[in-house]
Amino acid sequence: MADPSSYRPKPGQIPDSPGVYKFRDEHRRVIYVGKAKNLRQRVANYFQDLANLHPRTRTMVTTAASVEWTVVSTEVEALQLEYSWIKEFDPRFNVKYRDDKSYPYLAVTLNEEFPRVQVMRGAKKKGVRYFGPYGHAWAIRETVDLMLRVFPVRTCSAGVFKNAARTGRPCLLGYIGKCSAPCVGRVTPEEHRELAEDFCDFMAGRTGTYIRRLEKDMMQAAEEMEYERAARLRDDAEALKRAMEKSAVVLADATDADLIAVAEDELEAALQIFHVRGGRVRGQRGWVTDKVEAVDTSGLVEHALQQLYGEERGEAVPKEVLVPALPEDAEAVSQWLAERRGSQVSLRIPQRGDKKDLMVTVQRNAQQALGLHKTKRASDLTTRSRALEEIAEALGLDTAPLRIECYDISHLQGDDVVASMVVFEDGLARKSEYRRFQIKGFEGQDDVRSMHEVIGRRFKRYLQDKERTGEWEETPETAPAATGPVPAATGPVPAPALTAASPDDEPEPREDDGRPKRFAYPPQLVVVDGGQPQVAAAKRALDELGIDDIAVCGLAKRLEEVWLPDDDDPVVLPRSSEGLYLLQRVRDEAHRFAITYQRAKRAKRIRSSPLDDVTGLGETRKQALVKHFGSVKKLRQATIDEICEVPGIGRRTAESVAAALASTAPAAPAVNTATGEIIEEDDGGSS
């Protein structure tokens, strides 16, 4: 922990003008960015007695190792520079709102020759008009489907558009009247762009003009006894009204405003934003943040305004922004917003009327969002804690098993026998510490011996690591012999259990300095996939290594029973038990990891060929050999001179190929069981 006095600037060294300051840690990483009207006064506040500082501020200044600043001419420039630096450096002690999801927007690509209406997510693009955000993409599609009756703008992708232009036939929407089909020249680029701009005007809230125009045209068509046209115009007007009904009327027709509400406690804050355009709620979104700096409601609002409008220009910044508390320097923030919009922006707290009533609704949404966020986090943590406590109680453990390792054996009729080890810490999977093993101590199918070998190899590596690092002292009772015999009380250790993990096991992770990391840490609980025999094998492997402080249990698939060593009866957890559910998840993950590895090994074996063992024979020349002779079977029958005829194959390589094929017995011929006839098969490159 650094002493702030060690990097405190000298008196008079800091200017008293507006500016932005950065705190850096000992590695020169920016950990906090702030702005000030008067740099000297603001920065000096960080170097008072630590006891007088807010705990979060105290943590920041003791983490920092230096402070630096940049002088600017105005407070608006300071606001902009602060936002730019926060975005660039992502300081750990600055409040940063995070979206709880990626919100979809209704976008109109006015930067294209033929503008397209579509759903867009992510960063906004220049020349694209955005509306929203919406809660769900289907809400956008419903709105667009209604509006295409009146504004038949292109919605197809570039590929579909080019294909239609090439064939001279529009897509289905062009035939049913929901696209003006600019791809085949039904409208000119200018006429199509006018449709797109009218679409944008309607979405921006200027709705009355279009509906009144449609109703006027409808009445005129009726007077002229063009009843079909009048009916179509009537349906168009109804479609626009239904599209409008999808967003509630909350304020006067001409109101364009964003309403921001904040709900907070000591540790976290939730933000809700309602986007009102043309008096209707056109979008809503929510953010949450950890209060990693000492900040009040006005500070949270200022950070929100920076993040909300920092990348926006023009009409994306509304005429009016309503907030629960004004930022510390509201005038500078208002000026900054006005510069981004290009016209005056009103930043204020609603005091009365419909806007205050709507702000109450937004505030209620923010409170619910904060409560839901905390409920989710607490629920996850509480559920995991309860599961671990139930497991500890059921198995008679002294403490909850914060680290659980589970092992599973996988094979296909005794071939390609492999094992997996998965790790759960605090009830969550820790995939970086998963391991996989090949069974090499014996051949054939024997899950019990396989489990004994794997457990022995894993914990032998753990003991070797502890001994190497000096964290484990050998005693006559606990030290396994280096070459085989163990204390007489436990008997000799089978060789496979004492072999280190094979080269085909997953490689060990390494520390930053290159030293091998421990083969994981010791778990509090080892779970094996199986019943009494597998549990007994795992326990025996631990006993042979002198390890007696790790609990072992097995989970049998048939009845989901939990088996303990030396117990004749299983432990039966209730079906609704969180502990049983966690054990099932651990077991299922181990099975998934094992079978994935086993299938990969089997696929590799099936694809193998005797030619793989020929030194210096690459993939290109192997393919040339098989292509020249037609199959490995025919290549096996060829002489060395015939092999030398293949381009790129010299005599020495031909001799190696012939020797490798001669040492590999051909596969037994297939037999038709109905007739007894031997079926001649061409092995096509594998043997």
Subset of segment 525-572, residues at pLDDT 90 or above, part of a strand (DSSP E or B) and among the small types (Gly, Ala, Ser), comes to ALA551, GLY554
- Query: Would segment 613-629 turn up any residue that is open to solvent by 30 Å² or more (accessible area, probe 1.4 Å), under 30 Å from SER420 (Cα atoms) and at pLDDT below 80?
  - Reply: yes
Within segment 44-63, residues crowded, with 22+ Cβ neighbours inside 10 Å and either charged (D, E, K, R) or in contact with a strand residue (DSSP E or B) (Cβ under 6 Å, 6 or more places away or on another chain) (or both) come out as MET60
Within segment 527-577, the residues that are open to solvent by 70 Å² or more (accessible area, probe 1.4 Å) and β-branched (Val, Ile, Thr) are VAL572
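Mind telling me which of the residues ARG384, ARG377, ARG340, ARG352 ends up being modelled with pLDDT under 90, open to solvent by 10 Å² or more (accessible area, probe 1.4 Å), under 30 Å from LEU81 (Cβ atoms) and among the basic types (Lys, Arg)? It would help to see each step written out before you state the result.
Working: ARG384 fails: under 30 Å from LEU81 (Cβ atoms); ARG377 fails: under 30 Å from LEU81 (Cβ atoms); ARG352 fails: under 30 Å from LEU81 (Cβ atoms).
Among ARG384, ARG377, ARG340, ARG352, only ARG340 is modelled with pLDDT under 90, open to solvent by 10 Å² or more (accessible area, probe 1.4 Å), under 30 Å from LEU81 (Cβ atoms) and among the basic types (Lys, Arg).
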Just one listed residue, out of GLY299, GLY286, is in contact with a helix residue (DSSP H, G or I) (Cβ under 8 Å, 6 or more places away or on another chain) and touching a residue at least 40 places away in the same chain (Cβ under 8 Å), and it is GLY286
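On the given criteria, is VAL571 under 34 Å from the mean Cα position of the chain (by Cα) and β-branched (Val, Ile, Thr)?
No, not satisfied.
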Expected single match for surrounded by 20 or more Cβ atoms within 10 Å (Cβ to Cβ) and at pLDDT below 90 among TYR134, TYR175, TYR210 is TYR134
In segment 387-419, anything hydroxyl-bearing (Ser, Thr, Tyr), over 15 Å from GLY554 (Cβ atoms) and crowded, with 24+ Cβ neighbours inside 10 Å is listed as SER410
Sole miss for VAL362 among (1) in a helix (DSSP H, G or I); (2) touching a Lys or Arg at 6+ places or on another chain (Cβ under 9 Å); (3) buried (at least 17 other Cβ atoms within 10 Å of the Cβ) is condition (2)
*Taking the stated definitions as given, is PRO318 in a loop (DSSP other than H, G, I, E, B), of a type outside the set (Lys, Arg), in contact with an Asp or Glu (Cβ under 9 Å, 6 or more places away or on another chain) and in contact (Cβ under 8 Å) with a residue 40 or more places away in the chain?*
yes
Flagged in segment 1-43 as among the acidic types (Asp, Glu), within 23 Å of LYS96 (Cα to Cα) and surrounded by fewer than 16 Cβ atoms within 10 Å (Cβ to Cβ), in numbering order, are GLU26
Is it true that some residue in segment 78-85 is open to solvent by less than 70 Å² (accessible area, probe 1.4 Å), more than 17 Å from ALA332 (Cα to Cα) and either under 37 Å from the mean Cα position of the chain (by Cα) or of a type in the set (Phe, Trp, Tyr) (or both)?
yes
In segment 326-337, anything in contact (Cβ under 8 Å) with a residue 40 or more places away in the chain, part of a loop (DSSP other than H, G, I, E, B) and open to solvent by less than 20 Å² (accessible area, probe 1.4 Å) is listed as none
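The values are calculated or read from the model by the stated rules, or taken from the named source; none is laboratory data. Since this is a predicted model, take the numbers as computed values, not measurements. Here Cβ is always computed from backbone atoms with ideal geometry, including for glycine, and neighbour counts include all displayed protein chains. Heavy atoms of the whole protein, side chains included, go into the accessibility calculation; ligands, DNA and RNA do not. Shrake-Rupley method; radii C 1.70, N 1.55, O 1.52, S 1.80 Å.
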